[in-house]
1. Those residues that are touching a residue at least 24 places away in the same chain (Cβ under 8 Å) and either among the small types (Gly, Ala, Ser) or under 20 Å from residue 93 (Cα atoms) (or both), I need them from region 19-37; list them, please.
2. Output the residues belonging to region 62-85 that are in a loop (DSSP other than H, G, I, E, B) and exposed (fewer than 13 other Cβ atoms within 10 Å of the Cβ).
3. For residues that are in contact (Cβ under 8 Å) with a residue 40 or more places away in the chain and more than 14 Å from residue 49 (Cβ to Cβ), tally how many sit in region 81-96.
4. Quick check on my filter: what residues within region 47-79 are β-branched (Val, Ile, Thr), touching a residue at least 24 places away in the same chain (Cβ under 8 Å) and under 19 Å from residue 131 (Cβ atoms)?
5. Can you tell me which residue is surrounded by the fewest Cβ atoms within 10 Å (Cβ to Cβ) among those in region 106-153 that are in a loop (DSSP other than H, G, I, E, B) and not charged (D, E, K, R)?
Amino acid sequence: MSQLNPYERFLGGREPVAVMAETAARIGKIADTLGEERANAAPAPGKWSVREIVCHLADCETVFGIRLRHTLGEDHHVIQPFDQETWAVNYGAYTLAEALALFRAARNWNLALLRSLKPEVYGKPVTHPERGEMTFGSIVETMAGHDLNHMGQLEAIAK
C-alpha cells in the first residue's frame, strides 16, 4: 500500500475517473433496494450505516473538490486534513436521499473538471501533512480507491 494513497490497493489497475463515474449509480442501486430502516441500521456496534457512509462520501466529495481546485490554482498547495469522526457526529441531520443528492451533484461537478484537464496537470505537486508529497493524480487515485473501499462496505451491508 502506498503511503501517498492508502486506497491504491482497491483500484487494482482500474482507471480512476472511470471508477468515479460509476459510483453514484452503484450507490443509487443499493439505496433503492434498502428501506429506510435498513439504510439507517448500523451493521455492527461502532460501524456506520449505509446512510452514514453516503453522508461521509458526500462530505469527502466536497473536500476532494476543494483539494483538486486548490492544487490546480496554487503552487504546491498544502492539503488541510479533517477528522471524519468529528464530522460524522452530525450525520443524523441528513437523510440518505439528501446525502446521495449532494454526492451526485458534487461528483458530477468534479468529473466535469477532471475530464476537461490536460494529462500533464496530473503531475502537479501537493503536500498532505500526514502523507507527505503527493500529486494531483494521486488525489484522483485516492478518490477512486476511497469509492471502492466504501462500495465494498455498502454492498456487504446490502446483502
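Every number in this text was worked out from the coordinates using simple rules, so none of it is lab data. From a predicted model like this one, the values you see are computed outputs, not experimental measurements. Don't worry about glycine lacking a Cβ; one is built from the backbone with ideal geometry, like all the others, and counts go over all protein chains shown.
1. Listed by number, the residues that qualify are 21, 24, 27, 28, 31, 34, 36.
2. 74, 75, 76, 80, 81, 82, 83
3. The total comes to 1.
4. Hits for region 47-79 are 71, 78, 79.
5. Among those that are in a loop (DSSP other than H, G, I, E, B) and not charged (D, E, K, R), it is 129.
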